[in-house]
Amino acid sequence: MTEFPVPLDNLIAYVRALHPEGAPLDNLSDAMLVSARLDEQSDALIGYFVDQARRAGASWSQIGSSMGVSKQAAQKRFVPRGGGLIPEGEQIFSRFTQRARNVLAAAGRLAGDQAVGAAHLAAALLTEPEGLAARTIQRAGLTGEQVCAAVGAGPAAAGDAGAAGLRELSFTGDGEAALRGTLKAALRLGHNYIGTEHVLLGILFAGGPAGQALASSGLDAETAERLLVTEFAEMGARPKAG
């Protein structure tokens, strides 16, 4: 079985690191905040796969059974009053910054009729040159051409993302793994949003061919995190979403 991306020990260590000298009640307050963030991400994760199941033709009864709830409970959670699934661009990617959404849309355009893979996401990061991911890639000494050659995709075309376009996206196994990795990245950095930097780290954390190619080019997860710390320091005490 694949290792859970955020083991309990990591969560405990993360909470304790927020206030190393804090009392148990301080740790408890921090744990509640982290738990709230995880709840938001878990809702988005479940909603994504509900959408995938619906598009694959599954009935609400089947979805409810898979979730361990009734058909009515599943519909109440994921169908708005006006009918239809809650738009993926509004719910599933609600924590994504505009730049990160633009990256997803660019990856979709690059993939064309195929599902979006981690390689498409990696190449699409370059369409937002002011995003933290692209700046981190540059800090690592890599050019856009080198990244595209390493992952075997791109270049991608830039453009703004719309909810309709995001709803149409489907992902390969390593693409989904990269998206799951964004949660781990945001948690490690203490952020409540998903920016381009988290997408980059998600690709690297996933460890698929695209992540391995970037690591072989000199940009592994440890290096990316270190470079991002430098970026945040230069931006000031409060990080801006990238």
Elements of type helices (runs of 4 or more DSSP H) contained in region 161-229, each with 2 or more residues being within 18 Å of ASP51 (Cβ to Cβ) and out of contact with any strand residue (DSSP E or B) (no Cβ under 7 Å at 6 or more places or on another chain):
163-167, 173-189
Scan region 148-159 and give yes if some residue there is in contact with a strand residue (DSSP E or B) (Cβ under 6 Å, 6 or more places away or on another chain), open to solvent by less than 50 Å² (accessible area, probe 1.4 Å) and assigned to a helix (DSSP H, G or I), otherwise no.
no
Do the conditions hold for GLN98, that is, is it closer than 30 Å to ALA124 by Cα and at pLDDT 80 or above?
yes
Cβ contacts < 6 Å: first residue under 10 Å from LEU219 (Cβ atoms), restricted to region 126-141; second residue part of a loop (DSSP other than H, G, I, E, B), any location; separation 6+ or different chain. Result?
ALA140/GLY218; ALA140/LEU219
For region 103-147, how many residues are open to solvent by less than 10 Å² (accessible area, probe 1.4 Å) and polar (S, T, N, Q)?
1
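The values are calculated or read from the model by the stated rules, or taken from the named source; none is laboratory data. In this text, all values refer to a predicted model and were calculated from it rather than measured experimentally. Neighbour counts are summed over all protein chains in view; Cβ atoms, including those assigned to glycine, are modelled from backbone coordinates with ideal geometry. The area values use the complete protein model at the heavy-atom level, side chains included, leaving out ligands, DNA and RNA. Shrake-Rupley method; radii C 1.70, N 1.55, O 1.52, S 1.80 Å.
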